[in-house]
Amino acid sequence: MTSPDNSSAPQPAPHQKYADRAYRSPAGMIGGVLLLLLALWLGGDALIRGEGRTRWLALAGLLLIVPLVVAYTLRPAVFAGAERLRVRNPFRTITLPWASVEDVRAGYSSEVFAGGRTYQLWAIPVSLRARKRAARQAARPESGDPFGRTSSTAHTSGAAAGRAPSDQAVAELRELADRHGSKEPAPGARGEPAPGAPEVRWAYEIIGPSAAGAVLLAILLATG
């Protein structure tokens, strides 16, 4: 008797990769886009219609302002994967293997503790107003339904009840740290082992243009 042929059966993928969970600030991104449109409108108008020093001042101002707006509004993000936590702040990117993450907290700001240091999570701003609103909703009795009936959205799960969006995001990151913290770091993309300590990379693509704009603006103002 021959054994059944399982060669055509789908095999599990032990090293299957999943997309990182991303956290951003919608309000910050909307504000950043509006500020960029305003800066490009004013600066572009000065570049097109201005004369002499006006064009140079507009160019220096755009070089200084645009990278800073991008850094503080569009750039911040937190990416949580199965192997590491990547924190992208305005001027640097911090890569933290889960084994190095000691804690994730949200006080007056969202912070991650790793390697004896504290790193702020710019992409997860803390709103005290949102906390108070969530606390009021959690404390509201069932009989206080403003619609006079029990709506299908009146109850939330115990894990999310009474939590502001920033606190919920921090709770998810803490859960991921607890889940993956005991795992050995997986090899990197080039076959090298992932570092066990935090890795910091400065955003020179933001710092460079902004510094050049500041220097150019200072020279123009000094020689004017």
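A few points about this structure:
- Cα-projected label distance for residue 40 with residue 118, points at 7 Å along beta-carbon direction, nm: 3.8
- At most 10 other Cβ within 10 Å, DSSP loop - GluC sites (Glu not before Pro), segment 37-126: 51
- On the beta carbon distance between residue 174 and residue 92, with R0 = 30 Å, the FRET formula returns roughly 0.85.
- Spin-label model, residue 21/residue 51: points 7 Å from Cα along the beta carbon direction are separated by 6.0 nm.
- Area accessible to solvent at residue 33, 1.4 Å probe radius, in Å²: 70
- Cβ-derived FRET efficiency at R0 22 Å, residue 29 paired with residue 138, nearest 0.05: 0.20
- Relative contact order computed over segment 23-136 (Cα-Cα under 8 Å; 6+ residues apart), in percent: 21
The values are calculated or read from the model by the stated rules, or taken from the named source; none is laboratory data. Remember, it's a predicted structure, so these values are computed and weren't measured experimentally. Neighbour counts are summed over all protein chains in view; Cβ atoms, including those assigned to glycine, are modelled from backbone coordinates with ideal geometry. The area values use the complete protein model at the heavy-atom level, side chains included, leaving out ligands, DNA and RNA. Shrake-Rupley method; radii C 1.70, N 1.55, O 1.52, S 1.80 Å.
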